[in-house]
Amino acid sequence: MSDDKNTDNGRRTLVIATAAVGGGAVAGAAVPFLASLSPSERAKAAGAPVEADISKLQPGEMMTVEWRGKPVWILRRTKEQLASLAAVKGEVADPDSARSEQPEYCKNTYRSIKDEYLVTIGICTHLGCSPSSKFQPGAESGMGADWKGGFLCPCHGSTFDLAGRVFKNKPAPDNLPIPPHKYLADTKLLIGDDSKGA
């Protein structure tokens, strides 16, 4: 009788030990699996806001920064370039950017917080190509004598003015998108975050 009792106790101990080891193995396997579901530091950085120093940007010049894997153009427009926006208003498909992606604070003629600076994602809204700059007005640009300056998508010929507004009868359906952004100082931009400070 005592042998049966010792055998039962031995089996019970073996079952408990096996369950404990099995539970530990499951927990050990679950930790790396669950850790793999959280975003990596690289992924977090890819979506993080990006600072841009625009102190060296001269009128008529453009710089590019990367945010979320996309090129963001920062163009410092000249007085002549700003004046050209009114001249082409009747030629662009969405002059007031009613249907385009942009923050409320950029729903103006210049599509910007500060008139002279255009901050836009440099990806054509047609098929995702990257337009090239054609800032030189007139025939010298290769765009025709009446060209006021802007951007040309070489893939399918969409053209955009110096506020990123698409011209009528072009393949691109919308204006270039304006990302959320704010000024940290007169010469420093934060792209990807437009929240108010505390």
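The values are calculated or read from the model by the stated rules, or taken from the named source; none is laboratory data. Every value quoted in this text rests on a predicted model; they were computed, and no experiment measured them. Don't worry about glycine lacking a Cβ; one is built from the backbone with ideal geometry, like all the others, and counts go over all protein chains shown.
Summed over the stretch 46-62, residues that are among the small types (G, A, S) and in contact with a helix residue (DSSP H, G or I) (Cβ under 9 Å, 6 or more places away or on another chain) total 1.
For the stretch 81-111, filtering for residues that are of a type in the set (V, I, T) and either outside any strand (DSSP E or B) or loosely packed, with under 14 Cβ neighbours inside 10 Å (or both) leaves 2. I'd like to know if the stretch 138-158 contains one or more residues that are among the basic types (K, R) and either within 23 Å of the chain's Cα centre (by Cα) or over 22 Å from M63 (Cα atoms) (or both). Within the stretch 138-158, none of the residues are among the basic types (K, R) and either within 23 Å of the chain's Cα centre (by Cα) or over 22 Å from M63 (Cα atoms) (or both). Here is the figure for the stretch 172-198: residues that are surrounded by fewer than 13 Cβ atoms within 10 Å (Cβ to Cβ) and of a type in the set (F, W, Y) total 0. Of all residues assigned to the stretch 63-80, none qualifies as being over 19 Å from C124 (Cβ atoms), touching a helix residue (DSSP H, G or I) at 6+ places or on another chain (Cβ under 8 Å) and surrounded by 13 or more Cβ atoms within 10 Å (Cβ to Cβ). Within the stretch 154-170, which residues are over 16 Å from A83 (Cα atoms) and at pLDDT 90 or above? Within the stretch 154-170, S158, T159, V166, F167, K168, N169, K170 qualify.
Which of the numbered conditions does C106 fail, given that it passes all the others? Conditions: (1) touching a residue at least 40 places away in the same chain (Cβ under 8 Å); (2) closer than 23 Å to E61 by Cβ; (3) over 20 Å from the mean Cα position of the chain (by Cα). Only one criterion is unmet by C106, namely (3). Within this structure, R42 passes the test of being at pLDDT below 65 and within 28 Å of S130 (Cα to Cα). Summed over the stretch 140-171, residues that are surrounded by 22 or more Cβ atoms within 10 Å (Cβ to Cβ) and part of a loop (DSSP other than H, G, I, E, B) total 8.
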